[in-house]
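Peer 1: Handing you this structure, nothing more for now.
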Amino acid sequence: MAGLKNAGRDGVSRMTSQKPDGGSPAALDAPEAKDVKLEPSWKRVLREEFEKPYMRSLKAFLGQRIEAGVRIYPRPSEYFNAFSHAPFDEVKVVILGQDPYHGPGQAHGLCFSVRPGVPPPPSLLNIYKELGTDIGFRPVDHGYLMPWADQGVLLLNAVLTVEAGRAASHQGKGWEEFTDRAIHALNERRDRLVFILWGAYAQKKGKFIDREKHLVIEGPHPSPLSASRGFFGSRPFSKANAYLEKHGLAPIDWQLPMLKDIPTGEKH
């Protein structure tokens, strides 16, 4: 398995201020008080987005919510975690999610993934179940998907922040436009990627992806509400690897290590 990469590559976009543990908010002492890091290759691709009105509006919205005492997940340093661990030129597979988990300690910037020590949510448990059927995945004791990200799996939510206990609370505030631009860039500038789109939301967001250049795998969402409608048995992971290997690319090692085998300093 590819080694885990360190979080927090150079390249900074300034957003808002909040306590680093994602707990009780801190007051803003300046409009650009908190640095949020964006991986350099992605920063080159998306630099112009940070000067656009929608991003300025998003930044103002986040600042207002933090000043109002609202707890926001994930912590600011992890807003762009998906990009930090899957540089633009190293992306092989894109899995699209909707918005971060809104429970305490869950979200850390990768869709479907939770922090070490946090029980895997139901959708992730169903992903593990399908992995077992598809590739013989052995059960693990965590829901931490960083080893996938470090192999070039972009685990990207459409919306990168959420308020505690309020699912979808930051939809329609600007994040969707930002993540659309990221997907457009991959679609236009890269070849032979795999896009995994589970559920109607992800499929609508990815409808413009060029099926001649890339493999698009669509299916029901792994949520317990829909997994039995065709997610189970869809074998997306082996299909993704077959496509990569067909085009001379190394497959993804979908088998996660046990938590004890992930270096402590890399559990971000």
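Peer 1: For VAL162, what residues show an amide H to amide H distance below 5 Å, using hydrogens built from the backbone and excluding near sequence neighbours?
Peer 2: TYR73
Peer 1: Considering only protein heavy atoms, with the full assembly of protein chains and a 1.4 angstrom probe, order GLU188, GLU212 by accessible area, largest first. Mind showing how you got there, number by number?
Peer 2: Numbers: GLU188 105, GLU212 170 Å².
In descending accessible area the options line up as GLU212, GLU188.
Peer 1: Quick one: Cα centre-to-centre distance for segment 194-221 and segment 111-187, in angstrom?
Peer 2: About 15 Å separates the Cα centre of segment 194-221 from the one of segment 111-187.
Peer 1: OK, next. Can you list residues whose amide H is under 5 Å from LEU154's amide H, if they're 5+ apart or on another chain and H is modeled 1.01 Å from N?
Peer 2: LYS92, VAL93, VAL94, ILE95
Peer 1: Distance check, please: which entries in LYS129/LYS207; LYS52/LYS129; LYS59/LYS129; LYS129/LYS204; LYS52/LYS239 exceed 30 angstrom between their Cα atoms?
Peer 2: On the way: LYS129/LYS207 27 Å; LYS52/LYS129 42 Å; LYS59/LYS129 38 Å; LYS129/LYS204 25 Å; LYS52/LYS239 38 Å.
From LYS129/LYS207; LYS52/LYS129; LYS59/LYS129; LYS129/LYS204; LYS52/LYS239, over 30 Å: LYS52/LYS129; LYS59/LYS129; LYS52/LYS239.
Peer 1: If amide H atoms are built 1.01 Å from N in the plane of the peptide, which residues on other chains or at least 5 residues away come under 5 Å of the amide H of ALA86?
Peer 2: none
Peer 1: Which peptide among 89-98, 131-140 comes first, and what is the full order, when sorted by highest mean count of other Cβ atoms within 10 Å?
Peer 2: 89-98, 131-140
The values are calculated or read from the model by the stated rules, or taken from the named source; none is laboratory data. Just so you know, these numbers come straight off a predicted model, no measurement behind them. All Cβ positions, even for glycine, are placed from backbone atoms using ideal geometry, and neighbour counts span all protein chains on display. Please note that ligands, DNA and RNA were not included when accessible areas were found on the heavy atoms of the full protein model with its side chains. Shrake-Rupley method; radii C 1.70, N 1.55, O 1.52, S 1.80 Å.
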